Amino acid sequence: MTSLQPTESTDVVLVGAGIMSATLATLLNDLQPEWKLTVLERLDAAGLESSNAWNNAGTGHSALCELNYAPQAADGTVSATKALNINEQFQITRQLWSSLVENGTLGDPKTFINSVPHISMVFGEDHANYLRARYDAFKPNKLFERMEFTEDREQIAQWAPLTMHGRGAGRVAATFAPEGTDVDFGSLTNQLLRHLGGRNVSIQYGQQVTTLHRQSDGSWLVSVKDRLNRDNDRVIRAKFVFLGAGGGALPLLQKSGIKEAQGYGGFPVSGLFLRNVDPTVTSQHNAKVYGQASVGAPPMSVPHLDTRYVDGERAIMFGPYGGFRPNFLKQGSLLDLPRSVRAHNLYPMTRAGMANLDLVKYLLGELTKTRSQRIEALHEYYPTAQESQWELIEAGQRVQVMKKDKAKGGVLQFGTELVTSADGSIGALLGASPGASTAVPIMLNLLSKCFPSKMSEWEPRIKELIPAYGVKLNDNPQLADEIMGHTASVLGIK
């Protein structure tokens, strides 16, 4: 790029054509239809990285089965607070999806969401005692009132037959949540973007954002490389920029130069899954069965035996098996991690790394696993699994947030983090799980942070799309029944 003279202008640039940008563009186009939006994606189609169905677990994260959202305290008690917050967020997401199905933005719900019960399953005395304590903490809450707990093997076999066939002796405990779902975020992303095409929204593929320059009037000059035709390289002037490029958001946030980006780093974690598409097997399992993470394992590495619906076909995945590659995107560069190190984040990253040596040990152990060892891990959840029926596939890259911490110097944070400039002219989403499932509340949070003066104007329409916006359903049982019943009916789920 030889010149920083803009060749075109737009109101909003959204970097990355994944579920986050698709959600934000959908909201902005509805709330402010006269604004011109430009979506820039470096690959040749939408949703090919973290939003792709095979690159994530598609859980429809509502904290029904993910045990890492409810850690046990030293005194043995379990708090439902974090899990409730995540479930509340997913209810917001469900409300928007329901509205979009009703107004024709989204097609047949079965193309992106299906009923798949969520099960937590643990083995041994300590884990079983923990799961019972978790159930006791969850059950009194409205959002978890349908959860069941059992240690009866016949009951577990009815919920998830494959997990009990051929299982040896030992204590087994499980919880069952019938309202769980499986979500194809790749399909959802593509449906949202297809609807936006031609509605004052330009969606451009093969376009890589290389640099960002802030102007004195608060606008941004966005340098774009056309990966298909370098003659089309250009600079776009935008009033607002959203960096929703998954792991690729961090390098661009650093290039923005905003002070809010100081101290942020990222640690990439890759993953592998075993996949089975044999109908004789997949027809016997309709559940997402989550277990306990290994010591030192990151939250998204919790073992799970998952039913998936992708392109209308049913499959079972098991994993993930953790790994490490220094690239921030699956189709990124091996230099992503070293290039991200700056003077301002070196100390926080070092401190975070030293405090998470168990994670390093875990990843090293995962990297050296043989196929037979991976199958052995599968057998813990599916004892009679036949090795020949499973293929190993590579999942998407997840870049965990590393940031400054006053007490510890630096911390490794699991989850998502929204970083915005003081003037609200740029926002970036960093991190991973629960990610896609909470895209709607995250993007609503972004709107409130970056467009505070517009929120009072937008709120009536937001409440039309999301009737319980601003309300905790768990604290309003009657409204919860009404809202959850309606969204379940529209989306065709339990």
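General observations
- Spacing of the modelled spin labels on Lys255 and Asn232, each 7 Å from Cα toward Cβ, amounts to 1.8 nm.
- Rounded to 0.05, the FRET efficiency of the Lys139 and His165 pair, given R0 = 22 Å and the Cβ-Cβ distance, is 0.15.
- Computed FRET value (nearest 0.05) for Gln262 with Lys494, which takes r as the C-beta separation and R₀ as 51 Å: 0.65
- Alpha-carbon centroid distance for the pair segment 148-215 / segment 55-93, whole angstrom: 14
- Fewest neighbouring Cβ atoms within 10 Å first, the residues Asp136, Asp311 line up as Asp311, Asp136.
- With the simple spin-label model, which puts each label point 7 Å out from Cα in the Cβ direction, the Met455 to Glu482 separation comes to 2.4 nm.
- Extension gain, Ser216 to Gln386, is 54.9 nm, computed as 0.36 nm per intervening residue step minus the present C-alpha separation.
- When Lys361, Lys225 are sorted by how many other C-beta atoms sit within 10 angstrom of their C-beta, beginning with the fewest, the order is Lys361, Lys225.
- In the structure shown, the pairs Lys330/Lys404; Lys369/Lys408; Lys142/Lys239; Lys82/Lys239 are assessed against 31 Å; a Cα-Cα span above that value is assigned to Lys369/Lys408; Lys142/Lys239; Lys82/Lys239.
- Cα-based Rg / Dmax (Å) for the chain: 22.4, 71
- Note that segment 197-211 has calculated 3J(HN,Hα) couplings of x, x, 9, 6, 10, 9, 10, 10, 9, x, 10, 10, 6, 9, 9 Hz, one per residue in order, obtained from phi through the Karplus relation 6.51 cos²θ - 1.76 cosθ + 1.60 (θ = phi - 60°); glycine and proline are x.
- Where GluC sites (Glu not before Pro) in DSSP loops with at most 15 other Cβ within 10 Å are excluded, longest remaining stretch of the chain: 152-494
- Antiparallel DSSP beta bridges within the chain, percent to nearest 5: 70
- As a rough footprinting exposure proxy, the listed residues Cys65, Cys450 were ranked by other beta carbons within 10 Å of their own, and the order from fewest upward is Cys450, Cys65.
- Label-reachable residues, segment 189-217, where backbone N falls under 17 Å from a point 7 Å from Asp11's Cα toward its Cβ: 196-203
- Relative contact order computed over the chain (Cα-Cα under 8 Å; 6+ residues apart), in percent: 22
- Projected label points at Val277 and Ala355, each 7 Å from Cα along the beta carbon direction, are separated by 4.3 nanometres.
- Summing +1 for each Lys or Arg and -1 for each Asp or Glu among the other residues whose beta-carbon sits under 10 angstrom from that of Glu394 gives +2.
- Applying 1/(1 + (r/R0)^6) with r as the Cβ-Cβ distance of Lys369 and Gln331 and R0 = 22 angstrom yields a FRET efficiency of 0.35.
We did not get these values from a lab; they are worked out from the coordinates using the rules stated. The structure displayed is predicted, hence computed values, not measured ones. Don't worry about glycine lacking a Cβ; one is built from the backbone with ideal geometry, like all the others, and counts go over all protein chains shown.
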